1. Looking for whichever is of a type in the set (Ser, Thr, Tyr), touching a residue at least 24 places away in the same chain (Cβ under 8 Å) and surrounded by fewer than 24 Cβ atoms within 10 Å (Cβ to Cβ) here; the options are Thr345, Thr335, Thr363. Which one fits?
2. Suppose we filter Glu341, Glu375 for residues that are farther than 30 Å from Leu441 by Cβ, out of contact with any Gly (no Cβ under 7 Å at 6 or more places or on another chain) and part of a helix (DSSP H, G or I); which single one remains?
3. Could you tell me how many of the residues in segment 224-244 are surrounded by 24 or more Cβ atoms within 10 Å (Cβ to Cβ) and not small (Gly, Ala, Ser)?
4. Surrounded by fewer than 19 Cβ atoms within 10 Å (Cβ to Cβ) and not polar (S, T, N, Q) - does that describe any residue in segment 304-311?
5. Kindly indicate the residue of segment 369-391 that is buried (at least 16 other Cβ atoms within 10 Å of the Cβ) and touching a helix residue (DSSP H, G or I) at 6+ places or on another chain (Cβ under 7 Å) and also farthest from Gly237 (Cα to Cα) among those meeting that condition.
6. Tell me, which strands (runs of 3 or more DSSP E) lie completely within segment 72-122 with 1 or more residues that are at pLDDT 95 or above and hydroxyl-bearing (Ser, Thr, Tyr)?
7. Checking Ile319 against (1) more than 19 Å from Phe370 (Cα to Cα); (2) in a helix (DSSP H, G or I), only one condition comes out false. Which one?
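The values are calculated or read from the model by the stated rules, or taken from the named source; none is laboratory data. What you are looking at is a predicted structure, and each value in this text was computed from that prediction instead of being measured. Using ideal geometry, Cβ is built from the backbone for each residue, glycine included, and neighbour counts are taken over all protein chains shown.
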Amino acid sequence: MRSPRLHALLSSVAAALALATALAVPSSASVRADARQAAPSGAAQAAGHGSKGWTGTWATSPQGPLVFFPGAPSNWSLTGFSGETVRQVVRISVGGALARVRLSNRYGSQPLRVAGATVAKAGDGAAILPGTVRPLRFGRSASTTIPAGADATSEPVALATAPLDRLTVTLYFAEPTGPTTFHYTGLTTTYRAAGDHRFDRGAAAFAGETSQSWYYLTGVDVLGGPRPAKGAVVAFGDSITDGADSTVGADNRYPDELAERLVAARKRIGVLNAGIGGNMVLTDSPCYAGYAGVNRFAADALDLPGVRTAIVLEGINDIGSAGYDLGCGPHPAVTYEQLVEGYRTLIRAAHARGVKIIGATMTPLKGADFYDTPENDALRKRLNDWIRTSGEFDLVVDLDRALGDPGDRDRLYPPYASPDKIHPNDAGMRAIAEAVDLSTL
């Protein structure tokens, strides 16, 4: 879902995002086809290539370049990089003896030349721990070219990792990249520096510009180790899954909190985040909120290595965004029947791949600016009843009840609510994770 701050900024945002769309990427049709097939062409390796035995330990869903809304943290997706090093920090969920990195040029308009890359254990800020840096190779080369619309996976490197370790992935781009494939809501600190600093142990070169987004990096996988992972669960959804309004730099998104619960319970299950802010089940919004859930579910969730379970929390933006235009055209109104069929599309896709699918009810929206109308809430409740009672999802996690105010079930419980009254705060994110029965994963 979107922050209500957008309501007053729609006209200026639309103009800015129209620029992003014009600069950016392949046609909607070509990207949707790639998202459905999830099989990048050309010389690059697909994310799932050679994935037997591998488990995703960290992931984010790629987006096309965009500027987002005025006043939001800036990003580098429109300008890209040239003669620069980008260092990115992620926290993994499970460990292993070997690691590999997944990159994406899915929304690029030209081939992406990666001149070199490394992975290491993270120190403070942009620093890395001594003795942990590993050069990444693609095939037999330290560099790779990823065709527009394609993904790539590095060769394995020996890097022993433990659950909840922090890693850095450092990419060097000697040539201009053009507008980037990236993920806007990183809620982290990403660093860049002029020149090649892939092997820098210290942070001095990265003391300049920072961003809160991830660029080209879409996943880290692990294999082996003394307690190898036993598959992964992917959290699929919109801004709540993405972590909006949780604390920047604290890894308090609900999938992060779920990973912490699994580690405490000594369960070796990876947790992967496939949330995109503003995402909808049925409507494409490539210049802002990504392609529809039914179009991106395979590539962004089911194709990730080791996935055995998917948790789907999505639909409130289909309900609340009807009629608004953020640069891709007005979002259409949707009906109960259309959204039910959208959920069924996700269920069929998961079952065709042997993946268990858990449906999450939509959380309360009372007081959430223009989302909160009698018609919207009636549709939300009707759909929640279907999720609970239809039996079509394999299991249900009832977030509507888990996060509802005991004194007023139509609103988020205030200790769990951010100021916009629709996104959970850190405590709310923890409550979502606690509502998931770990034995079902």
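1. When all the criteria are applied, what remains is Thr345.
2. Residue meeting the stated conditions: Glu375.
3. Number of matching residues: 7.
4. yes
5. Among those that are buried (at least 16 other Cβ atoms within 10 Å of the Cβ) and touching a helix residue (DSSP H, G or I) at 6+ places or on another chain (Cβ under 7 Å), it is Asp369.
6. Details: elements: 84-91, 96-104, 112-114, 116-121.
Per the criteria, 84-91, 96-104, 116-121.
7. Here Ile319 clears every test but (1).
To keep it simple, each residue is scored yes or no on (1) part of a loop (DSSP other than H, G, I, E, B); (2) at pLDDT below 95; (3) under 15 Å from the mean Cα position of the chain (by Cα); (4) assigned by TED's automatic domain parsing to the domain that holds Cys328.
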residue	(1), (2), (3), (4)
Arg266	yes, no, no, yes
Gly278	yes, yes, yes, yes
Leu282	yes, no, no, yes
Val294	no, no, no, yes
Ala298	no, no, yes, yes
